[in-house]
Amino acid sequence: MAYNKNAKFGTAENPAVVHVQTQDRGNEIIALSDEHNWRVIVGIEPDKPEDISDVEKLLNPPLPIKVISIGRNEPCLCGSGKKYKHCCLK
């Protein structure tokens, strides 16, 4: 099955992937993903450290970056009192 990296994270087209050490821990992750309607691939690897970073990204998504648009002739945001084009634009 080919996965679409442009699809929304945690969906069938772009599932989260986690690695846990026990079946019980895997069942916890599956229950959490079912509760939130996420698609997760769980691998049980007892000899490797647990990696649930994808589920942590789903639980705590990054905040969107707010872009501030400032005109060249507006006062500079640094507080210098100069126009932006003569201060921080350079």
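Every number here is computed from the coordinates shown, using simple stated rules; none is lab data. These numbers come from a predicted model, not from an experiment. Methodologically, a virtual Cβ is constructed for each residue, glycine included, from the backbone with ideal geometry; neighbour enumeration extends over all protein chains shown.
The table below gives the values:
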{"read-out": "Over the stretch 1-59: Kirkwood hydrodynamic radius from C-alpha pairwise inverse distances, Å", "value": "11.6 Å"}
{"read-out": "Counted charge near GLY26, where neighbours are those whose Cβ lies closer than 11 Å (Asp, Glu -1; Lys, Arg +1)", "value": "-3"}
{"read-out": "Over 22 Å between alpha carbons, listed pairs LYS5/LYS57; LYS5/LYS66; LYS8/LYS48", "value": "LYS5/LYS66; LYS8/LYS48"}
{"read-out": "GluC sites (Glu not before Pro) within the chain, DSSP loop, no more than 11 other Cβ atoms inside 10 Å", "value": "none"}
{"read-out": "In sequence order, calculated HN-Hα J values of the stretch 47-54 (Karplus, 6.51, -1.76, 1.60; Hz; x Gly/Pro)", "value": "9, 10, x, 5, 9, 10, 4, 5"}
